[in-house]
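**Student:** Sending over a structure as structure tokens; questions will come in a sec.
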């Protein structure tokens with residue numbers, strides 16, 4: 001851990017927004033399942049994860065709002081969790097591409113969750129030792145939630161991989177859809193540098209976990225070979241995000257300056 | 001012998017002793033309960049859809065979280081109720097099948113669309129408010145598993161109505177557009193929520209048996225009146241009005257008088273001609289059909305694991 | 001006209017054979033794929049017994065515990081969960097209730113209040 005490095009206010013803001021956006025967009029996607037899950041019990045399970053993630057996003061946004069208020073070169077209207085979530089456009093969102101991908105079928109949703117939760121798990125493990133007390137506290141709380149998300153999603157990956165021919169086929173298809181968005185997780189954007197996080201270690205741990213779950217799921221995939229797409233962290237998103245935001249932000253855009 | 005059992009059964013009910021699944025019960029009691037509980041469960045599950053419609057558009061993160069938690073609660077309530085019905089010898093899959101084939105019904109209120117954000121508040125305040133009035137007496141219903149499920153439901157339900165009212169209260173203090181949205185939602189949900197209590201008592205002739213069995217404890221009209229008296233006062237706090245020119249306090253009756261309910265509309269919606277009947281059922285059927293391969297995969301995996309390691313179910317620790 | 005014989009809250013009448021008719025063929029595919037039913041027992045806080053909370057469906061025990069966590073402990077209702085597949089629960093027969101439980105009725109001497117002691121006796 002590098003306590004000595006001083007990071008700029010702008011960097012901290014961007015970093016917090018990145019963490020918040022990741023959680024919000026992932027939670028939003030999960031919430032799309034609410035009422036449409038494959039069985040009641042799992043409908044409830046995935047809604048729980050959505051709630052955890054939206055809770056994390058709120059914590060990060062609320063924290064981000066503090067330095068934003070103090071900063072002179074930030075837009076003055078973006079000083080609450082809601083303005084940060086609802087009034088920034090696609091190019092300002094800093095989430096990674098993985099989380100904005102559509103849910104697809106249950107296999108795609110599960111695999112996306114597994115990739116993302118495993119990433120969050122190792123990231124928060126590091127962040128819970130961060131020099132920044134606030135960040136540390138949010139990460140420590142979130143880590144408990146994410147630990148469960150990893151357990152839940154990895155068990156489902158195994159079930160689907162080692163379930164029926166159909167489920168295996170769907171899981172492999174989900175892999176083809178999603179794998180290219182996993183590389184970005186470990187390519188630090190400028191605001192992620194000097195945040196006392198070790199990306200090389202994170203990637204190593206993540207790979208190890210993914211491989212061991214894949215092995216148990218009896219799926220054999222060439223995990224290293226493919227091209228990775230990136231850009232989300234710096235606002236270069238897929239077209240999916242714009243549509244998601246159009247829906248999510250509709251009320252705040254259509255009825256500005258209102259209390260809800 | 002049969003007669004005797006029936007007397008013993010009725011004695012227990014009269015003494016407020018709960019009937020449990022393995023106790024003897026008249027076949028008609030069992031059938032009626034299965035129908036009532038399963039239809040109640042279906043209402044919870046279908047009821048997730050109109051509100052779920054606004055989860056992705058909730059106007060603040062706080063509201064978004066509240067709405068997810070609420071719709072999720074409804075899934076839980078459906079689950080508790082299906083479980084209670086399952087103790088009577090019907091499986092959840094069978095109940096789903098009855099829902100999907102149109103054999104089983106659910107509350108017609110959920111066949112109305114949620115057009116604006118204010119509808120989420122109106123549903124919480126009016127629809128959940130009406131539901132709670134109906135549900136509280138069911139906590140004392142004669143069948144044990146149903147009563148216990150309802151206790152759990154009522155405990156969780158109490159936040160639903162409050163959040164709805166709070167949502168509308170915020171709108172009522174907001175911009176002109178918000179106020180209009182609020183009034184419009186009340187206008188659209190008021191009459192359908194009155195219909196939730198069912199037809200007038202004289203058009204609902206078979207409640208006597210259910211009263212005797214204590215699976216129903218108040219008549220439709222009694223509960224409806226109670227609801228109207230309650231809401232007519234609460235609406236004043238919102239500074240809104242209820243869309244009924246005939247609504248006024250009757251000093252003699254100590255109740256509010258109210259206008260005529262459009263029962264023709266009610267029967268049409270019950271009969272499948274509501275604005276969203278088809279859409280709701282299609283959504284349920286699609287979710288169930290799309291989930292089939294998921295459920296099969298989990299079953300296949302569990303079987304595989306059980307045969308490899310018969311002493312241990314799954315990966316959990318044994319007690 | 002729509003045929004409705006009963007109608008009140010939670011009971012929205014019946015059509016065709018009525019929803020309670022479970023004798024008819026019920027599964028469209030004919031294959032039973034329903035996840036087994038589990039009974040859930042929750043310890044609400046450290047030091048208390050596990051108490052029956054309800055039931056749910058799950059494919060295996062691990063999933064049953066997780067489902068129980070998601071379904072029955074959303075409001076901090078528990079610190080520990082037991083699950084058991086419903087089919088493994090053996091219950092006493094209600095018809096035997098008289099023989100099983102009534103004989104305990106007249107054994108008041110098993111209860112401490114049966115014994116009258118002078119007030120002078122402390123700590124007993």
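FYI, it's all coordinate maths here, none of it is from the lab. In this text, all values refer to a predicted model and were calculated from it rather than measured experimentally. With ideal geometry, Cβ positions are generated from the backbone for all residues, glycine too; neighbour counts draw on all protein chains shown.
**Student:** Give, in whole angstrom and from largest to smallest, the semi-axes √(5λ) of the equivalent ellipsoid of the range B:116-230, with λ running over the eigenvalues of the Cα gyration tensor. Don't skip to the answer; put the middle values down first.
**Tutor:** On the way: eigenvalues 188, 58, 14 Å².
Computed over the range B:116-230, the values are 31, 17, 8 Å.
**Student:** Compute the separation of the alpha-carbon centres of the range B:81-129 and the range A:52-113 and state it in Å as a whole number.
**Tutor:** 34 Å
**Student:** What's the angle, to the nearest 10 degrees (0 to 90), between helix A:106-127's Cα axis and the longest principal axis of chain A?
**Tutor:** Tilt of helix A:106-127: around 50 degrees.
**Student:** While we're looking at this one, here's another question. Report the Cα-based extents of the range B:206-298 along its three principal axes, largest first, to the nearest Å.
**Tutor:** 64, 39, 28
**Student:** If you don't mind, there's one more thing I want to ask. Return the FRET efficiency for the residue pair residue B:273, residue B:239: r is the Cβ-Cβ distance, R0 is 35 Å, and the value is rounded to the nearest 0.05. Could you put the intermediate results ahead of the total?
**Tutor:** On the way: r = 35 Å, r/R0 = 1.00.
Using R0 = 35 Å, I get an efficiency of 0.50.
**Student:** Can I ask one more? Hey, in the GNM for chain B with a 10 angstrom Cα cutoff, which one of B:70, B:18, B:305 fluctuates hardest?
**Tutor:** Looking only at B:70, B:18, B:305, the biggest GNM fluctuation is shown by B:305.
**Student:** A follow-up question, please. Over chain B, with a Gaussian network built from C-alpha contacts below 10 Å, which listed residue (B:46, B:270, B:153) shows the highest mean-square fluctuation?
**Tutor:** For chain B, modelled as a Gaussian network with Cα springs under 10 Å, the answer is B:270.
**Student:** May I pose another question? Strictly greater than 33 Å: what percent of every Cα pair in the protein assembly as shown meets that?
**Tutor:** It works out to 55 percent of all Cα pairs.
**Student:** According to the square roots a ≥ b ≥ c of the eigenvalues of the Cα gyration tensor, what is the shape class of the range C:24-91, taking rounded for a/c under 1.5, prolate for a/b larger than b/c otherwise, and oblate for the remainder? Intermediate results must be reported in sequence, preceding the final value.
**Tutor:** On the way: a/c = 2.95, a/b = 2.15, b/c = 1.37.
Here the range C:24-91 falls in the prolate category.
**Student:** Roughly how tilted is helix A:9-31, in degrees to the nearest 10 and between 0 and 90, from the longest Cα axis of chain A?
**Tutor:** Between the helix axis and the principal axis of chain A, the angle is about 40 degrees.
**Student:** Against the longest alpha carbon principal axis of chain A, how many degrees, from 0 to 90 and to the nearest 10, is the axis of helix A:239-248 turned?
**Tutor:** The angle comes out at about 60 degrees.
**Student:** Follow-up question, since we're still on this one. To the nearest 0.05, how large is the calculated FRET efficiency for residue B:7 and residue C:106 if R₀ is 25 Å and r is the Cβ-Cβ distance? Could the numbers behind the result be given before it?
**Tutor:** On the way: r = 26 Å, r/R0 = 1.04.
About 0.45, to the nearest 0.05.
**Student:** Rg and Dmax of chain A, using alpha carbons, in Å: what are they?
**Tutor:** Just the Cα atoms of chain A yield Rg and Dmax of 18.1, 58 Å.
**Student:** Given contacts defined as C-alpha pairs under 8 Å and at least six residues apart, what's the relative contact order of the range B:34-82, whole-number percent?
**Tutor:** Relative contact order of the range B:34-82: 56 percent.
**Student:** Now for a separate question. Over all Cα pairs of the range A:97-249, how is the pair count split among 10 Å bins, expressed in % and running from 0 up to the last occupied bin?
**Tutor:** 11, 37, 37, 14, 1
**Student:** Work the Kirkwood hydrodynamic radius out for the range B:1-144: mean of 1/r over every pair of different alpha-carbon atoms, inverted, in Å.
**Tutor:** Hydrodynamic radius (Kirkwood, Cα pairs) of the range B:1-144 is 17.0 Å.
**Student:** Right, another one. Grab the DSSP H runs of the protein assembly as shown that are 4 residues or longer, score each as -39,500 (n - 2.57), total them, divide by all residues and round the 222 nm result to the nearest 500 deg cm²/dmol.
**Tutor:** Value at 222 nm, helices only, nearest 500: -17500 deg cm²/dmol.
**Student:** How far apart, in nanometres, would the label points at residue B:208 and residue C:114 be if each is projected 7 angstrom from Cα along the Cα-to-Cβ direction?
**Tutor:** Taking the simple label geometry, residue B:208 and residue C:114 are separated by 5.0 nm.
**Student:** Taking 1 over the mean of 1/r across every pair of different Cα atoms in chain B, what Kirkwood radius in Å do you get?
**Tutor:** For chain B, inverting the mean 1/r across all distinct Cα pairs yields 21.5 Å.
**Student:** Please compute the modelled spin-label separation between residue B:162 and residue C:50, points set 7 Å along Cα→Cβ, answer in nm with one decimal.
**Tutor:** About 3.2 nm separates the two model spin labels.
**Student:** Set the Förster distance to 60 Å, then compute FRET efficiency between residue B:173 and residue A:151 from the Cβ-Cβ distance, nearest 0.05.
**Tutor:** Approximately 0.85, to the nearest 0.05.
**Student:** Once you've got the GNM for chain A with C-alpha springs shorter than 10 Å, pick whichever of A:152, A:33, A:227 has the biggest mean-square fluctuation.
**Tutor:** With Cα springs under 10 Å in chain A, the top fluctuation among A:152, A:33, A:227 is at A:227.
**Student:** Considering Cα pairs under 8 angstrom that are at least six residues apart, work out the relative contact order of chain B and quote it in whole percent. The partial results should precede the final answer.
**Tutor:** Values: 345 pairs, mean separation 56.8, N = 319.
It rounds to 18 percent for chain B.
**Student:** Round to a whole angstrom and tell me the spacing of the C-alpha centers of the range A:211-245 and the range B:155-227.
**Tutor:** 47 Å
**Student:** May I pose another question? Could you give the nm distance between label points at residue B:151 and residue A:10, where each point is 7 Å from its Cα heading toward the beta carbon?
**Tutor:** 6.1 nm
**Student:** Can I ask one more? For residue A:69 and residue A:228 in the same chain, what is the full-extension length gain: residue separation times 0.36 nm, less their Cα-Cα distance, in nm?
**Tutor:** Taking residue A:69 through residue A:228 to full extension adds about 53.6 nm, to one decimal.
**Student:** Here's another thing I want to ask about it. Below 8 Å between Cα atoms, with a sequence gap of 6+, how large is the relative contact order for the range A:9-254 in percent? Intermediate results must be reported in sequence, preceding the final value.
**Tutor:** On the way: 323 pairs, mean separation 61.4, N = 246.
The value is 25 percent.
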